[in-house]
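Below is one structure, written out as structure tokens, with a few remarks after it.
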Amino acid sequence: MILLTELHYHPPAEFFAKLLGTDALLLEAHEHYRKQTYRNRCLIRTAQGVQPLTVPVIDGNRAEKVKSSAIEIDYRQNWIHRHWRTLQTAYGNSPYFEYYADYLHDIYVSKPALLFDLNLAFLRLLLRCLRLTLPVVTTTEYHVQYPISAQPFSLNSGLNDRLLAVADQRDCLTPKNPVISPEPDTPAASPRVRPYPQVFGPGFEPGLSILDLLFSQGPAAGNFLR
């Protein structure tokens, strides 16, 4: 099965749970950009509660008329400093923040011009951290609907041209409704993240960025996605 999804900024842990058992990840590169989504924001937990981190984009008022893969980051705003300081404040004392900090910081300071490139660099790093190995490819054109099972999709990327079904998960995870409960026994169904000890409590807060899980559990983070 191929999982089709938009590209997120530090995706929710649920996103990576969906990748378990899939053959490849297909990233939507030809959609029109949508504001107020995980495309340019993530949710973390601080001493003051859940807080969004948002990457500003250039000309945000007309962004929804531009392809997601062409959206430019607005570096006129000092957002890198704000995001990094917030992550340090929230997770600096977590067990594994220092374990991953340099890798994340290197991507931030490289300052990719496009949001898509920034998110893709972080995604590839996060996949390595979680020890998830699967082909990652981008769409070549936009389709409103993709075949699910009756008409499998051919992926030419290390899978020997096998015909694979596409599970369309575009916009299934949103900051307004971060935890989706799809119908059981469907391609959209996926396990939720198993609760883990979070830096700030009490209680377990679902829907947070994968960074929250990584900084808490380190190399064992993948065990909570099953």
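The single condition among (1) farther than 30 Å from Asn93 by Cβ; (2) at pLDDT 95 or above that Arg45 does not meet is (1).
Determine which member of the set Ala70, Ala17, Ala90 is surrounded by fewer than 16 Cβ atoms within 10 Å (Cβ to Cβ) and of a type in the set (A, V, I, L, M, F, W, C).
On the way: Ala17 fails: surrounded by fewer than 16 Cβ atoms within 10 Å (Cβ to Cβ); Ala90 fails: surrounded by fewer than 16 Cβ atoms within 10 Å (Cβ to Cβ).
Result of the check over Ala70, Ala17, Ala90: Ala70.
In the condition set (1) among the aliphatic types (A, V, I, L, M); (2) part of a helix (DSSP H, G or I); (3) in contact with a strand residue (DSSP E or B) (Cβ under 7 Å, 6 or more places away or on another chain), Ala17 is compliant with all but (3).
To keep it simple, each residue is scored yes or no on (1) out of contact with any strand residue (DSSP E or B) (no Cβ under 8 Å at 6 or more places or on another chain); (2) within 18 Å of Asp212 (Cα to Cα); (3) of a type in the set (A, V, I, L, M, F, W, C).
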position: Leu43; (1), (2), (3): no, yes, yes
position: Ala47; (1), (2), (3): yes, yes, yes
position: Pro56; (1), (2), (3): no, no, no
position: Arg62; (1), (2), (3): yes, no, no
position: Lys65; (1), (2), (3): no, no, no
position: Ser68; (1), (2), (3): no, no, no
position: Thr86; (1), (2), (3): no, yes, no
position: Pro95; (1), (2), (3): yes, yes, no
position: Asp102; (1), (2), (3): yes, yes, no
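Restricting the search to region 29-59, which residues are in a loop (DSSP other than H, G, I, E, B) and either buried (at least 22 other Cβ atoms within 10 Å of the Cβ) or among the basic types (Lys, Arg) (or both)? Across region 29-59, the qualifying residues are Tyr33, Arg34, Lys35, Tyr38, Arg39, Asn40. Considering (1) modelled with pLDDT under 95; (2) surrounded by fewer than 19 Cβ atoms within 10 Å (Cβ to Cβ); (3) β-branched (Val, Ile, Thr), the lone condition that Ile80 does not fulfil carries the number (1).
Considering region 1-14, the residues that are under 20 Å from Gln145 (Cβ atoms) and assigned to a strand (DSSP E or B) include one that is modelled with the lowest pLDDT, namely Ile2.
The values are calculated or read from the model by the stated rules, or taken from the named source; none is laboratory data. This one's a predicted model, so the numbers in the text were calculated from it and none came from an experiment. So basically every Cβ, Gly included, is an ideal-geometry build from the backbone, and we count neighbours across all protein chains shown.
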